[in-house]
Amino acid sequence: KEKKVAVMAHITLKDGAVFSQAKTRVTQALGDWFAGRKTGDPVYLSQLSQVILEADPAIKKLTFNSSMAELPAAAGVKPVLGGAVIGEGT
């Protein structure tokens, strides 16, 4: 059984960085990370933070939407990316 996980976050970039490029890198990195998830794997906000922050060195701040929740490990459940909404932070 697949469980869709929607990632909703805002990133703030260092001066001179281009948001559209960073957003593309973050979205690709999240897709790649979720493609490697196996049945029973958890999804923790700390893991998502690492994926996002490593996607682009121009990111200086990351915040998640307050509705974001972790997905604990569950037998028979495979986490899949249910969409990534990456906004520009302030």
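The values are calculated or read from the model by the stated rules, or taken from the named source; none is laboratory data. For clarity, every value in this text was computed on a predicted model and none was experimentally measured. Cβ coordinates were reconstructed from backbone atoms using ideal geometry, including for glycine residues, and neighbour counts include every protein chain displayed. Side chains are part of the model used for accessible areas, which takes the heavy atoms of the whole protein and leaves out ligands, DNA and RNA. Shrake-Rupley method; radii C 1.70, N 1.55, O 1.52, S 1.80 Å.
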query: Can you find a residue in segment 67-78 that is surrounded by 12 or more Cβ atoms within 10 Å (Cβ to Cβ), free of Cβ contacts under 8 Å to residues at least 40 places away in the same chain and not in a loop (DSSP other than H, G, I, E, B)?
result: no
query: Taking Phe34 and the conditions (1) out of contact with any strand residue (DSSP E or B) (no Cβ under 6 Å at 6 or more places or on another chain); (2) surrounded by 13 or more Cβ atoms within 10 Å (Cβ to Cβ); (3) assigned to a helix (DSSP H, G or I), which numbered condition does it fall short on, given that it satisfies the others?
result: (1)
query: Going through segment 79-90 one residue at a time, which ones are more than 19 Å from Trp33 (Cα to Cα) and open to solvent by less than 70 Å² (accessible area, probe 1.4 Å)?
result: Gly87, Gly89
Complete set of residues in segment 40-62 that are out of contact with any Ser or Thr (no Cβ under 8 Å at 6 or more places or on another chain) and not in a helix (DSSP H, G or I): Gly40, Asp41, Pro42, Val43, Tyr44, Asp56, Pro57, Ala58
message: If Lys23 meets every condition in (1) in contact with a strand residue (DSSP E or B) (Cβ under 7 Å, 6 or more places away or on another chain); (2) open to solvent by less than 30 Å² (accessible area, probe 1.4 Å) apart from one, which number is that one?
response: (2)
query: Restricting segment 19-41 to residues that are over 13 Å from the mean Cα position of the chain (by Cα) and without any contact (Cβ under 8 Å) to a residue 24 or more places away in the chain, which is farthest from Glu70 (Cα to Cα)?
result: Ser20
